[in-house]
Amino acid sequence: MVFEYVVLVLFLSIVLLLALLIPLFSSLVVHQENYQEKISAYECGFEPFEDRLAQFEIRYYLLAILFLIFDLEIVYMLPWLVALPYLGHYAIMSMLVFFFFLIVGFYYE
């Protein structure tokens, strides 16, 4: 029984060591410079290094929240796909209704 704890402690120590060493070696090997394209606005729609109290449109947050919601709905489909050969017609029809609401949500978005 002690052997399982030894393996667990060994595994956790290796993970901790790698979590500390990989960023350290990365910062030592690669010299990073900020250039104009890197610090420019990419997808967020506003400059990243402006005043922190600057106003911006709420639609960016709404789009991100909608993306997370639909992404989680896709995660709910994965167990259903694994169990698909064992499911009956009722489960398949309920998933088709789920697909219908998902498509309506995408259309609404």
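Taken together, the values in this text are just the output of simple stated rules run on the coordinates, not laboratory data. Nothing here was measured: the structure is a model prediction, and the numbers come from that model. Heads up, the Cβs are rebuilt from the backbone with ideal geometry, glycines too, and the neighbour counts pull from every protein chain shown.
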Report task. Evaluate E = 1/(1 + (r/R0)^6) for residue 87 and residue 65, where r is the Cβ-Cβ distance and R0 equals 25 Å; express this FRET efficiency to the nearest 0.05. Result -> 0.20
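Give, in nm to one decimal, the length gained when the segment between residue 24 and residue 78 is fully stretched (0.36 nm per residue of separation minus the Cα-Cα distance). Numbers along the way, then the final one.
Values: separation 54, 0.36 × 54 = 19.44 nm, distance 3.70 nm.
Value of the extension gain: 15.7 nm.
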Report summary line: Most exposed to least, judged by fewest other Cβ atoms within 10 Å, 1, 77, 93 sort to 1, 93, 77
